[in-house]
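Q: Mind having a look at this structure? Questions to follow.
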Amino acid sequence: MSNHLYDALLAGTDDPGAACLILADGGTITHGDLHRRAARIAALLADAGLQPGDRVAAQLDKSVAMLALYLGTVRAGGAFLPLNPAYTPDEVAYFLTDAEPAVIVCDPARERDMRRASATAAIFTLDDGGAGSLIDAAGAMPADRPPAARGPDDLAAILYTSGTTGRSKGAMLSHDNLLSNARTLCDAWQVTARDRLLHALPVFHTHGLFVACNTLLLAGGAMIWLPRFDPAEVIALLPRATMMMGVPTFYTRLLDRPDFTREVAATARVFISGSAPLLPETHRRFEERTGQRILERYGVTETNMTTSNPLAGERRPGSVGPALPGVEVRITSVEAGADGDPATAPAKRPDGEIGMIEVRGPNVFQGYWRMPDKTAAELRPDGWFITGDLGTRDADGYVTIVGRGKDLVITGGLNVYPREVEMLIDDLPGVLESAVIGVPHPDFGEAVVAVVAPRPGAALEPDALMDALTDRIARFKQPKRVIVVPELPRNAMGKVQKAALRAQHAGLFGGAG
Ligand code: AMP
């Protein structure tokens, strides 16, 4: 009897006394400690009534106990369902009604809301200091019960996608979806027991939880475990790290500080970026400052990681690299999302042409929780997942993302890929970054609008920016309006919130549409 994912993570080290989590206060949690905590939590979950396949919902701040809860859930045979602590009680109520968890773990302040949303679940608490009824009760449980038997196709987690349109969907991830990807990443990035990863990402998301934790646990390495991204703390602790993973904003915020120097970065062998586009400009500035080239990779919640720039070989700024070994990537003619019949094979686009990025492999999820129609619309019968991202692939396999399909602007019947316009605007003097969106327009259907943030201390003139683009791109791609804002709205993973910008500026041309 084996537990496909948990057994592999447990076997990641043959030295249970080796450091697993290095805390900011200097404390250390060993691999053995973490797995004992997980085993006690697993026993508690089982005694609370958790059956294999049941969901464990967790709305918690990042902590050692939350990581142990993830592992304990997998060990007990459950499916882990982490929720962003920023979600309001109303938002959480939707997830709980949809997922029907058997167990909920939350901050004590949220306990009453949780009870209101779920009459039947067992509820435990855990505060941001790692104390609460979960830990009290788990402390009295045995640590030697064997893991529940679970096969490769059994569910290990449900992650709700950020849901920029419509209701948020629960992506069902199996034991082998997670394990196969962790193995692939360990190989691709040569992660070993000697690595210490600086971990400042949230753990309710695929990046911080799976890309970072599964990979390091599988390799038997350690993580410098920080509750959040604080640039001063990261600069202080980086000299102890061999790797860092971050969203692009982490890197731009480090570059904003003069005390982020070549020496601070010198012990790290690789800096990895994902979850949102890394500007070529950030790539260049990072190399200038540290002498190191950031390694950018790409994935979505539903597929885990799919492409990566190489560890050895050319890391190309602006590109997310070739498909990872064992993962297939193709570019198809489906442009604006999954229209057409997913059962019909789409036409493939030639090298260099823009199209929909589709992905197939052992990393691709099992479908959306209780949404067979959505699953059928995005996951083809032959296993290809339609990511919703538009991109190109060069003859040598390097993939470049040009934007989300739903961010595509169609103006006067012509397609405008926001990324192409954003890259030109970002290159103009004084511009830090930009977001190009489509806004309802009475004549054109949609009009191209650019929302632009200046570099610190720079003053931007919308008219001057529009003039600067005049000879650079076709007229239909030029913004009809430029709006200067102090900064672009972003979510916790550093993604620019284009849906919020579209809503905010919907009335710009008379509110048509
Ligand atoms: P999530 O499922 O929350 O991880 O979001 C996945 C989305 O993030 C993808 O569909 C992309 O639009 C975006 N994304 C992730 N990694 C990258 C990257 N390296 N460059 C550009 N976009 C990315």
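Q: Please figure out what share of the DSSP beta bridges in segment 417-513 is antiparallel and state it in percent, rounded to the nearest 5.
A: Values: 11 of 15 bridges.
The antiparallel fraction comes to roughly 75 percent.
Q: Here is a follow-up. Shape verdict for segment 152-245, please, from the Cα gyration tensor: rounded (a/c under 1.5), prolate (a/b greater than b/c) or oblate. Each step should come with its number before you reach the end.
A: On the way: a/c = 3.02, a/b = 1.35, b/c = 2.24.
Verdict is oblate for segment 152-245.
Q: What is the magnitude of the charge dipole of segment 270-407 about its Cα centre, with +1 placed on the Cβ of each Lys and Arg, -1 on the Cβ of each Asp and Glu, and no other charges, expressed in debye to the nearest 20?
A: The dipole of segment 270-407 has a size of about 360 debye.
Q: Keeping the other protein chains in place, figure out the carbon and sulfur percent of the accessible area of the chain, with a 1.4 Å probe.
A: Details: 10360 of 20180 Å².
Roughly 51 percent of what the probe reaches on the chain is carbon or sulfur.
Q: Right, something else. What whole-number distance in Å separates the alpha-carbon centres of segment 92-132 and segment 284-308?
A: 35 Å
Q: To continue, here is another question. Please work out whether segment 453-513 counts as rounded, prolate or oblate from its C-alpha gyration tensor, where a ≥ b ≥ c are the square roots of the eigenvalues and a/c under 1.5 means rounded, while otherwise a/b larger than b/c means prolate and anything else oblate?
A: Numbers: a/c = 1.83, a/b = 1.14, b/c = 1.61.
It is oblate, given that a/c is not under 1.5 and a/b is not larger than b/c.
Q: Could you list, bin by bin from short to long, the percent of Cα-Cα pairs of segment 371-513 in 10 Å steps?
A: 10, 36, 35, 15, 4, 0
Q: In the chain, if the dipole is taken from +1 on Lys/Arg beta carbons and -1 on Asp/Glu beta carbons about the Cα centre, which of Val334, Ala193, Leu428 is farthest to the positive end?
A: Checking the options against the dipole of the chain, the answer is Ala193.
Q: Now, a different point. Can you divide the C-alpha Rg of segment 407-482 by 2.2 N^0.38 Å and report the result to two decimal places? Each step should come with its number before you reach the end.
A: Values: Rg = 11.9 Å, N = 76, 2.2 N^0.38 = 11.4 Å.
Rounded to two decimals, the normalised Rg is 1.04.
Q: A further question follows. So for the chain: antiparallel DSSP bridges make up what percent, rounded to the nearest 5? Don't skip to the end; give the middle numbers.
A: Details: 45 of 79 bridges.
Rounded to the nearest five, the antiparallel share is 55 percent.
Q: Please report Rg (one decimal) and Dmax (integer) in Å for the Cα set of segment 1-90.
A: For segment 1-90, the Cα radius of gyration and maximum Cα-Cα distance read 14.0, 45 Å.
Q: Given a cut-off of under 8 Å on Cα pairs at least six residues apart, what relative contact order in percent is computed for segment 4-228? Before the final figure, lay out the partial values.
A: Working: 447 pairs, mean separation 57.0, N = 225.
It rounds to 25 percent for segment 4-228.
Q: Now a separate question. Kindly provide the helix-only [θ] at 222 nm of the chain, computed as the sum of -39,500 (n - 2.57) over DSSP H runs of four or more divided by all residues, to the nearest 500 deg cm²/dmol?
A: On the way: 16 runs with 141 residues, N = 513.
The helix contribution divided over the chain gives -7500 deg cm²/dmol.
Q: Which listed residue (Val247, Leu226, Ser308) has the Cα farthest towards the positive end of the charge dipole for the chain, taking +1 on Lys and Arg C-beta and -1 on Asp and Glu C-beta about the Cα centre?
A: The residue sitting farthest along the positive end of the dipole is Leu226.
Q: Another one. Defining a contact as two alpha carbons under 8 Å apart and six or more residues distant in sequence, what relative contact order in percent does segment 270-407 show?
A: Working: 278 pairs, mean separation 30.1, N = 138.
Across segment 270-407, relative contact order equals 22 percent.
Q: Follow-up. If you add up the charges near Pro362, with Lys and Arg at +1 and Asp and Glu at -1, over every other residue whose beta carbon is less than 12 angstrom from its beta carbon, what do you get?
A: Numbers: positive: Arg183, Arg360; negative: Asp153, Asp176, Glu328.
That sum, taken over residues with Cβ under 12 Å, equals -1.
Q: A further question on this structure: In nm, give the distance between the simple-model label positions of Glu328 and Glu487, each being 7 Å from the Cα along the Cα-to-Cβ direction.
A: So the two model labels end up 4.3 nm from each other.
Q: Let me ask you something else. Just reorder Ser2, Ser174 by solvent-accessible area, largest first, 1.4 Å probe, all chains present.
A: Values: Ser2 65, Ser174 0 Å².
So the residues, ranked largest to smallest area, are Ser2, Ser174.
Q: Can you give the charge dipole size of the chain about its Cα centre, rounded to the nearest 20 debye, using +1 on the beta carbon of Lys and Arg and -1 on the beta carbon of Asp and Glu? Working shown, then result.
A: On the way: 51 positive and 61 negative charges, 35 e Å.
Roughly 160 debye, rounded to the nearest 20.
Q: So, taking all protein chains as they sit and a 1.4 Å probe, how much accessible area belongs to Lys498, in Å² rounded to tens?
A: Roll a 1.4 Å probe over it and Lys498 shows about 30 Å².
Q: Moving to a separate point now. Once you keep just the Cα pairs under 8 angstrom separated by 6 or more residues, what percentage relative contact order results for the chain? Spell out each step's value before the answer.
A: On the way: 1118 pairs, mean separation 51.7, N = 513.
Across the chain, relative contact order equals 10 percent.
Q: Let me understand segment 270-407 better: what is its radius of gyration from the alpha carbons, and its Dmax, in angstrom?
A: 15.4, 49
Q: Tally Lys and Arg at +1 and Asp and Glu at -1 over the other residues with C-beta under 15 Å from the C-beta of Asp47: what net charge comes out?
A: Working: positive: Arg40, Arg75, Arg145; negative: Asp54, Asp136, Asp144.
Surrounding charge for Asp47 is 0.
Q: Give the percent of DSSP beta bridges with both residues in segment 4-228 that are antiparallel, rounded to the nearest 5. Could you put the intermediate results ahead of the total?
A: Values: 8 of 29 bridges.
Beta bridges within segment 4-228, antiparallel portion: roughly 30 percent.
Q: Mind jotting down the three principal axis lengths of the chain based on Cα atoms? Whole angstrom, largest first.
A: Its Cα atoms span 71, 53, 45 Å along the three principal axes.
Q: Beyond 20 Å between alpha-carbons counts as too far, so tell me which of Lys62/Lys406; Lys374/Lys498; Lys348/Lys498; Lys169/Lys495 fall in that bin. Please report the intermediate quantities before stating the final value.
A: Numbers: Lys62/Lys406 31 Å; Lys374/Lys498 22 Å; Lys348/Lys498 28 Å; Lys169/Lys495 18 Å.
Checking Cα-Cα distances, Lys62/Lys406; Lys374/Lys498; Lys348/Lys498 exceed 20 Å.
Q: What is the local net charge at Asp127, summed over the other residues whose Cβ is closer than 10 Å to its Cβ (Lys, Arg +1; Asp, Glu -1)? Walk me through the intermediate numbers first.
A: Numbers: positive: none; negative: Asp61, Asp107, Asp128.
Computed value for this residue: -3.
Q: Relative to a virtual label point 7 Å from the Cα of Asp256 in the Cα→beta-carbon direction, which members of segment 424-445 show backbone nitrogen distances below 14 Å?
A: Answer for this model: 432-433.
Q: With only Lys, Arg, Asp and Glu charged, each at its Cβ (+1 for the first two, -1 for the last two), find how big the charge dipole of segment 409-504 is about the Cα centre; round to the nearest 20 debye. List each step's numbers first, then the result.
A: On the way: 11 positive and 12 negative charges, 68 e Å.
Rounded to the nearest 20 debye, it is 320 debye.
The values are calculated or read from the model by the stated rules, or taken from the named source; none is laboratory data. The structure presented is a predicted model; accordingly, all values stated were derived computationally and were not measured. Note: ideal-geometry Cβ built from the backbone for every residue, glycine included; neighbour counts use all protein chains shown. Side chains are part of the model used for accessible areas, which takes the heavy atoms of the whole protein and leaves out ligands, DNA and RNA. Shrake-Rupley method; radii C 1.70, N 1.55, O 1.52, S 1.80 Å.
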